[in-house]
Amino acid sequence: MKKLLVCLLFSVACLPVSAQSLRFGVKAGANFANVDAQDVSTDNMTSWHAGALLEINILPTFSIQPEALYSSQGAKVEGAGDFNFDYISVPVLARFYLLPDVLSLDAGPQFSFLVNDDVEDTFKTKSFDFAIAGGASVNITKNLFAQARYVVGLTDTTEDADVTNKVIQLSLGYRF
């Protein structure tokens, strides 16, 4: 999986682009996280995410947007309290502009690396989470944007049970 990520990032880095087609930005927002777990009652947990992004314009209606985010996820588990997983997440999204420079649909893989958990030996957590992300972005001004995204984990977060992450992310950001 790490080889795939390195190859993908190298391929994107080798694309011929001009300085005007690269835009760096920062973003932050709310996570409405939960887990998909068998035979366990869970509720959404509200948390946050923040990080940086780079939009690489390939065509007027198509961009690639890799991001690096700190993302707090998890769930409220009935009778056990909050289970919190903190990740460094690297989504690599294809952006298809429906309205050029205004509205886009975004989709792609997300690679997340666990940096902290508070499950206190309840479960043996895995250090890597692979997910698929999809959503939409609206450019409010030339620099200010809003995003809504749904992230579905495809790998188990623990070695002891079938538990996958589910996160709705709402973000505001600024591109320089």
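The values are calculated or read from the model by the stated rules, or taken from the named source; none is laboratory data. Just so you know, these numbers come straight off a predicted model, no measurement behind them. Positions of Cβ are backbone-derived with ideal geometry, glycine not excepted, and every protein chain shown enters the neighbour counts. Ligands, DNA and RNA are excluded from the accessible area calculation, which covers all protein heavy atoms including side chains. Shrake-Rupley method; radii C 1.70, N 1.55, O 1.52, S 1.80 Å.
Quick notes
- Net charge dipole, the chain: roughly 1160 debye, given to the nearest 20, about the Cα centre with Cβ charges of +1 for Lys and Arg and -1 for Asp and Glu.
- Residues whose amide H falls under 5 Å from that of residue 126, counting only those 5 or more places apart or on a different chain, are 158, 159, with hydrogens built in the peptide plane.
- Taking Cβ atoms as reference points and 14 Å as the exclusive limit, the residues near residue 47 contribute a net charge of -3, counting Lys and Arg as +1 and Asp and Glu as -1.
- Principal-axis tilt of helix 2-13 within the chain, Cα atoms, nearest 10 degrees: 20
- Calculated accessible area for the chain comes out at 52 Å² per residue, all protein chains present (probe 1.4 Å; ligands, DNA, RNA ignored).
- Local charge for residue 60 was computed over the other residues whose Cβ lies under 12 Å away, with Lys and Arg +1 and Asp and Glu -1, and equals 0.
- Cα lying deepest toward the dipole's positive end in the range 18-176, options 112, 63, 135, charges on Cβ: 63
- Excluding same-chain neighbours fewer than eight residues apart, the aspartates and glutamates reachable from residue 27 by a Cα-Cα span under 19 Å are 55, 67, 86, 101, 106.
- Portion, in percent, of the accessible area of the range 42-153 that falls on carbon or sulfur, probe 1.4 Å: 62
- For residue 146, net neighbour charge (Lys/Arg +1, Asp/Glu -1) across residues whose Cβ lies under 13 Å away: +2
- Per-residue 3J(HN,Hα) values for the range 66-82, derived from phi via the Karplus relation 6.51 cos²θ - 1.76 cosθ + 1.60 with θ = phi - 60°, read x, 9, 10, 10, 8, 10, 9, 9, x, 6, 8, 10, 4, x, 10, x, 8 Hz in sequence order (x marks Gly and Pro).
- The range 76-176: relative contact order as a whole-number percent, Cα under 8 Å and 6+ apart: 21
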